[in-house]
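Below you'll find the structure, written out as structure tokens, and then a few comments.
The values are calculated or read from the model by the stated rules, or taken from the named source; none is laboratory data. Bear in mind that the values here come from a model prediction, so they are computed numbers and not experimental data. Using ideal geometry, Cβ is built from the backbone for each residue, glycine included, and neighbour counts are taken over all protein chains shown.
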Amino acid sequence: MEGHVKGIQIGADLWPADEDSSHKLGVYVGFLDSNANVSGKTIYTSNAQLGSYQLNTYATGLYWRYTATQGWYTNTTLQLARYSGQVESNNSTRKPDIHGRGQILAFEAGYPRVLNEALTLVPRISVSWQKVKLDDYRYDDLNVNNDLDNQLTASAGARLYWNTMTISGVQWSPFLDAELNNQLTARDRNNVSVGSTGYQDSLLTSYNGSAAKISGGVTVKLNDYTNYYIKVDYQNGLSERSEKTWQGTTGVSLYW
């Protein structure tokens with residue numbers, strides 16, 4: 001699969017008003033537009049161009065951040081999402097609409113450690129649970145009934161970043177990430193039927209596996225309100241399905 005994702009997110013701390021408080025409770029809303037070309041195995045070939053998809057995600061979230069006086073922190077996030085998009089097969093001119101909903105509950109904990117005047121190391125762990133339910137749809141003569149998709153993922157890693165350096169009046173903060181992701185459970189079931197023949201089948205996909213991920217990037221502080229960032233990720237699967245993934249991310253963060 002090869003594609004692109006672009007989006008925007010806006011949020012605000014709601015409580016407490018005290019900037020020095022160890023607790024921060026807030027909300028956010030977000031929008032994502034993703035599209036990709038899909039290739040894979042068919043009856044006749046092992047690496048065919050199968051089609052493409054386009055998916056919009058509309059999300060609303062609630063977050064709580066706690067920072068202890070010793071420096072360690074926890075982040076807890078609950079997100080609700082609605083999905084809307086289309087899928088397209090190279091063997092059909094129809095583009096069925098896809099709709100659905102999902103929930104994500106995530107927890108992260110970390111402990112920044114100052115190594116010296118230039119470097120800070122942040123070990124961290126995280127656990128996330130995701131549930132997705134896509135509505136049923138019809139694709140030519142094929143009816144697809146989507147069951148619940150559940151995923152439980154745990155990860156552990158660390159970020160090493162350079163404390164802000166100033167070059168030509170602009171503040172730069174390079175960073176490196178190393179992370180081990182473990183997909184503890186993943187389950188997805190699709191019930192399919194062919195209208196013209198009456199053929200029915202139930203397809204269950206279950207997957208557990210681990211992957212190592214390395215990332216590098218830089219955050220550039222343009223002014224007191226604007227940051228620009230760029231990051232490159234490489235992920236290598238450690239299980240039998242040794243999938244390799246490259247990903248690039250760039251964006252702008254605005255604060256007020």
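Taken over region 87-99, the residue count meeting the criterion of being surrounded by 16 or more Cβ atoms within 10 Å (Cβ to Cβ) and under 30 Å from residue 63 (Cβ atoms) is 1. Scanning region 14-46 for residues that are within 26 Å of the chain's Cα centre (by Cα), over 19 Å from residue 88 (Cβ atoms) and of a type outside the set (A, V, I, L, M, F, W, C) yields a count of 5.
Conditions tested, residue by residue: (1) assigned by TED's automatic domain parsing to the domain that holds residue 81; (2) touching a residue at least 40 places away in the same chain (Cβ under 8 Å); (3) over 26 Å from residue 147 (Cα atoms).
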position	(1), (2), (3)
94	yes, yes, no
97	yes, yes, no
101	yes, no, no
120	no, yes, yes
123	no, no, yes
126	no, no, yes
131	no, no, no
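Checked against (1) acidic (Asp, Glu); (2) modelled with pLDDT under 95; (3) surrounded by 15 or more Cβ atoms within 10 Å (Cβ to Cβ), residue 117 passes all but condition (3).
Of the strands (runs of 3 or more DSSP E) lying entirely inside region 165-251, those containing at least 3 residues that are at pLDDT 95 or above span 170-194, 209-221, 226-237.
Applying the criterion of being assigned to a strand (DSSP E or B), at pLDDT below 85 and among the aliphatic types (A, V, I, L, M) to the residues of region 125-164, the residue that is farthest from residue 81 (Cα to Cα) is 142. Of the candidates 61, 30, 51, 26, the single residue that is at positive phi and not charged (D, E, K, R) is 51. Any idea which residue in region 82-96 is modelled with the lowest pLDDT, counting only those that are assigned to a strand (DSSP E or B) and among the small types (Gly, Ala, Ser)? Among them, the one singled out is 89. For region 2-56, filtering for residues that are touching a His at 6+ places or on another chain (Cβ under 8 Å) and either touching a residue at least 24 places away in the same chain (Cβ under 8 Å) or not in a strand (DSSP E or B) (or both) leaves 4.
Put simply, of 255, 199, 234, 225 the only residue that is loosely packed, with under 14 Cβ neighbours inside 10 Å and under 16 Å from the mean Cα position of the chain (by Cα) is 234.
For the residues 40, 100, 51, 110, the requirement of being modelled with pLDDT under 95, of a type outside the set (Val, Ile, Thr), in contact with a strand residue (DSSP E or B) (Cβ under 7 Å, 6 or more places away or on another chain) and closer than 27 Å to residue 210 by Cα singles out 40.
The set of residues in region 131-162 that are farther than 30 Å from residue 184 by Cα and out of contact with any Leu (no Cβ under 7 Å at 6 or more places or on another chain) comprises 138, 139, 140, 141, 142, 143. Is region 72-86 home to any residue that is surrounded by 14 or more Cβ atoms within 10 Å (Cβ to Cβ), within 30 Å of residue 163 (Cβ to Cβ) and over 20 Å from the mean Cα position of the chain (by Cα)? Checking region 72-86: at least one residue is surrounded by 14 or more Cβ atoms within 10 Å (Cβ to Cβ), within 30 Å of residue 163 (Cβ to Cβ) and over 20 Å from the mean Cα position of the chain (by Cα).
Of the residues that make up region 17-24, is at least one touching a strand residue (DSSP E or B) at 6+ places or on another chain (Cβ under 7 Å), among the basic types (Lys, Arg) and surrounded by 13 or more Cβ atoms within 10 Å (Cβ to Cβ)? Don't jump to the end; show me each part of the working.
Residues of region 17-24 that are touching a strand residue (DSSP E or B) at 6+ places or on another chain (Cβ under 7 Å), as a first pass: 22-24.
Now drop any that are not among the basic types (Lys, Arg), which leaves 24.
Remaining after also requiring surrounded by 13 or more Cβ atoms within 10 Å (Cβ to Cβ): 24.
Yes, region 17-24 contains at least one residue that is touching a strand residue (DSSP E or B) at 6+ places or on another chain (Cβ under 7 Å), among the basic types (Lys, Arg) and surrounded by 13 or more Cβ atoms within 10 Å (Cβ to Cβ).
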